[in-house]
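One structure is given below, encoded as structure tokens.
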Amino acid sequence: MELLKLHHDFISDHHQRRTPFIIFQGGRRSGKTVSILQFLYMESLTHPHTRTLIVTDTYARLKESIFQDLIMINRSAGGDSRRMRIHFTGGTRVLFETGSDFAFVYAGRDVRGYASNFHYIFFNECIQYDARTAREALKAAGPGCQVFFDYNPYTRFWVNDLYETPDNKLITTYHDNPFLSDFVRRELDRTAAAGKDAPPGTMERYLYEVECRGVDSTLSGLCFPHHRAVPDEEYHTSPLPEVLACDWGALHATADPDVICGFRFTDDAIYCHEYYYSREGGDAEMAAVRHSIPFRRQYLVYDTATEGADRIRSLFARTHLRFNFSPARKGAGSILTGIRNLQPYEIRVTASSRHFLEELENYRFVQKGDTLQPVDDWNHCCDALRYAFDLWTMLPAQRKNVK
């Protein structure tokens, strides 16, 4: 099994010292996740009945990152399906021939259904969720449990404040990973070259600092740097089910706009279309737009601000379309958590959705006190995106697949 010596030595040192929290911060493709999983894999084989809990933000990341890395690690170590088996029934688990196991939980999911006394807990890409998730999962820790965090930074956040000490964090970049393919190395070299001398506040500078240098960005980076325009036909001819979302402004020309957008979701991308965006319209105009949407009993999640529930009832009465209405979930920290949960996805917006595309080019983090926070502007379609994604994650799988 090929090991990254820098990571391996760091883990071994802190493992021997029984350091309770071990933090890996770094740029893209620096090998953070693989190195931690290699250690947990070897511990599970050399110490029977080792119990590990892995926390991740979405099933997509679990399926496309964690599982694929574990399969690669098992093969490179000469193992087969008898040494390590992935089970999807009765709760997703990885079982080892030694009686050790990995259990999994998603960010925000209640962990009280899990047994306690885990020997290890691994918070993968922990910048994608909030401190409450960590506190809940840590209740399952056993005596002497060691906890790993890994993340791609963009600013200081709760891990730094709650769990970082002067010597328990390792910062690495893709230069520290000798096992990268030439193609990936060239891609990151191009990103570094484009951003090293780029002006402050640009996406190129942000990606250079965060993805190539692996350091907290001191600049205001875009909230959704991974977005692009796609042909409208790509959205409208898609067989994927659609979720509609509203973000309300006030009915005055100088106020925020009213927005209606549609969204279709895959495991790694979100397709978006702007149906309505106006500061001067009203319920009748929005109802007319609603009639133009191909109706398949879509879910519609609505903003609860600006008399949101009353406006939904008004639109319902005007259209007579049987949408499945749902109020947007809000609360302290919901904006930042929603942005973090969406960042792993590529945002694909129809070319005609000019306001949505304009927002994505301007919706960014700005300095507020000692932290970076999303600017309170250019966020109306982006708020609708957060509402739709939050509803989508809550829907049962069989409803997501209804055409």
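Below, the figures for the structure above:
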{"read-out": "Close pairs (8 angstrom Cβ cut-off, 6 or more residues apart or separate chains): of a type in the set (D, E, K, R) in region 159-183, open to solvent by 80 Å² or more (accessible area, probe 1.4 Å) anywhere", "value": "D176/L6"}
{"read-out": "Enumerated strands (runs of 3 or more DSSP E) restricted to region 42-106, each holding at least 3 residues that are at pLDDT 90 or above and either crowded, with 16+ Cβ neighbours inside 10 Å or β-branched (V, I, T) (or both)", "value": "51-56, 101-106"}
{"read-out": "Residue match in region 145-160 (condition: closer than 28 Å to I339 by Cα, open to solvent by 10 Å² or more (accessible area, probe 1.4 Å) and either among the aromatic types (F, W, Y) or at pLDDT 95 or above (or both))", "value": "yes"}
{"read-out": "Candidates A192, A137 - the one that is part of a helix (DSSP H, G or I), surrounded by 16 or more Cβ atoms within 10 Å (Cβ to Cβ) and out of contact with any helix residue (DSSP H, G or I) (no Cβ under 8 Å at 6 or more places or on another chain)", "value": "A137"}
{"read-out": "Lone unmet requirement of (1) closer than 30 Å to R296 by Cα; (2) open to solvent by less than 20 Å² (accessible area, probe 1.4 Å); (3) modelled with pLDDT of 90 or more; (4) within 21 Å of the chain's Cα centre (by Cα) for L240", "value": "(2)"}
{"read-out": "Counted residues, region 41-60 - those being charged (D, E, K, R) and touching a helix residue (DSSP H, G or I) at 6+ places or on another chain (Cβ under 8 Å)", "value": "1"}
{"read-out": "Test: residue in region 178-189 that is under 28 Å from Y363 (Cβ atoms) and either among the hydroxyl-bearing types (S, T, Y) or open to solvent by less than 60 Å² (accessible area, probe 1.4 Å) (or both)", "value": "yes"}
{"read-out": "Verdict on H8 being in a helix (DSSP H, G or I) and in contact (Cβ under 8 Å) with a residue 12 or more places away in the chain", "value": "yes"}
{"read-out": "Identity of the residue in region 195-234, open to solvent by 30 Å² or more (accessible area, probe 1.4 Å) and among the β-branched types (V, I, T), that ends up modelled with the lowest pLDDT", "value": "T218"}
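The values are calculated or read from the model by the stated rules, or taken from the named source; none is laboratory data. Keep in mind that this is a model prediction, so the values were computed, not measured. Cβ coordinates were reconstructed from backbone atoms using ideal geometry, including for glycine residues, and neighbour counts include every protein chain displayed. We work out accessible area using only protein heavy atoms, side chains counted, and drop any ligands, DNA or RNA first. Shrake-Rupley method; radii C 1.70, N 1.55, O 1.52, S 1.80 Å.
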